[in-house]
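The values are calculated or read from the model by the stated rules, or taken from the named source; none is laboratory data. The shown structure was predicted, so the numbers you read here are calculated from the model rather than taken from an experiment. Here Cβ is always computed from backbone atoms with ideal geometry, including for glycine, and neighbour counts include all displayed protein chains. The area values use the complete protein model at the heavy-atom level, side chains included, leaving out ligands, DNA and RNA. Shrake-Rupley method; radii C 1.70, N 1.55, O 1.52, S 1.80 Å.
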Amino acid sequence: RFPPGWGAPGSVLWNGLIGWTESEDPGIRYFSGTASYAAEFELGEPLLREGQGWLLDLGTLREVAEATLNGRRLGILWKEPFQADVSGLLRPGRNVLEVKVTNLWNNRLMGDLLDPGHKSNARTNMVLKVRDLVPAGLFGPVTIRRAVGRPAGDAAPAPGSAH
């Protein structure tokens, strides 16, 4: 999902994760700001009974993310590895993951420079020259896996703490 009024469509459905600059839609290709990804997944109860710690790994993204699992904030993930402890937050059955990714301003500025006729929300007094777009978005792979090095029953970091 993209915020309204910034040139990108309100939402798109992709079969896999792609970089925004790879999109055919110029509103996505030149988007700068925050966009949200959402996914639902099912877990069986036996898997969660093992008392293991669990880790969400977002893989690769550009530039910063805020993740939420089942309505609980996992914090701001601003450097590699883009991971958060989700022990105690997973539940049997349906789980909902939301990831908000924010990129840099470069791509919007380049889009404005290449198409000066469109209405832009970006304003600058910088003298710009055309340059390559900066990779943006969530590339993944997004995984949830058993945490290594934390014995079962140890306290997990509080949700919302940065990793």
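Data for the structure
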read-out	value
Residues located in region 91-117, provided they are at pLDDT below 95 and either in a strand (DSSP E or B) or in contact with a helix residue (DSSP H, G or I) (Cβ under 6 Å, 6 or more places away or on another chain) (or both)	Pro92, Gly93
Residue that is nearest to Ala122 (Cα to Cα), among those in region 1-16 that are touching a residue at least 12 places away in the same chain (Cβ under 8 Å) and open to solvent by 70 Å² or more (accessible area, probe 1.4 Å)	Trp6
Residue count for region 22-51, restricted to those that are within 15 Å of Thr102 (Cβ to Cβ) and either out of contact with any helix residue (DSSP H, G or I) (no Cβ under 7 Å at 6 or more places or on another chain) or of a type in the set (Val, Ile, Thr) (or both)	6
